[in-house]
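> Before I ask anything, here is the structure I am working with.
Laboratory data are not the source of any read-out in this text; all were calculated from the coordinates shown. Keep in mind that this is a model prediction, so the values were computed, not measured. Every residue, glycine as well, gets a Cβ built from its backbone with ideal geometry; the counts of neighbours run over all protein chains shown.
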Amino acid sequence: MKWNLRMAAAQRGIWKASEFRRLLAERGIEMSVGKLSGLWSGTPSVLRPDELDAFCAVLGCTISDLIEAEPDTVPAPAADAEEHGQAVGQDRDTAVGPVRRVTPKPRTGRSLPPR
């Protein structure tokens, strides 16, 4: 994911995080200086939908102007071990014969209560 908050803000003439914070406050979104600084200078790990709506309202943009998908950066899924006839963690060179399935035994009795 590519986060384009600063670019979207710059295209609307907003150059400082403090100015953007003031505009958000006018829309009812109070954001700490630290959180806004993180959003302004880096990619967010968590972003609430109401905050995203306020960003779009203040900047007059859409979500796609703020967030750009980068599907090419996601690694391809690993091949399933069962498709290759080998146990998990076993090298192909050392796999001999069919893979033997491990079946858990049923537990009998109860465990002791915690001390």
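> Of Q11, G34, S45, which is farthest on the positive side of the dipole of the stretch 2-71, counting Cα position, with +1 on Lys and Arg Cβ, -1 on Asp and Glu Cβ, and the Cα centre as origin?
Towards the positive end, the residue furthest out is G34.
> What is the stretch 2-71's relative contact order, in percent, from Cα pairs under 8 angstrom and six or more apart in sequence?
49 percent
> Return, ordered by residue number, the residues of the stretch 33-57 whose backbone nitrogen is under 18 Å from a label point located 7 Å along Cα→Cβ of S18.
Inside the label zone: 33-41.
> Roughly how many debye, to the nearest 20, is the charge dipole of the stretch 2-71 about its Cα centre, given +1 on each Lys and Arg Cβ, -1 on each Asp and Glu Cβ, and no other charges?
Once rounded to the nearest 20, the dipole reads 240 debye.
> Given labels modelled 7 Å from the Cα in the Cβ direction, how far is it in nm from E26 to T43?
3.2 nm
> While we're on this one: Tabulate in residue order the Karplus-calculated ³J(HN,Hα) for the stretch 25-36, using 6.51 cos²θ - 1.76 cosθ + 1.60 with θ = phi - 60°, rounded to whole Hz; enter x for Gly and Pro.
Coupling constants for the stretch 25-36: 4, 5, 8, x, 9, 8, 10, 5, 4, x, 5, 5 Hz.
> Mind listing the phi-derived Karplus ³J(HN,Hα) values for the stretch 56-67, rounded to whole Hz, using 6.51, -1.76 and 1.60 with θ = phi - 60°, and x for any glycine or proline?
5, 5, 5, 8, x, 10, 10, 4, 5, 6, 8, 10
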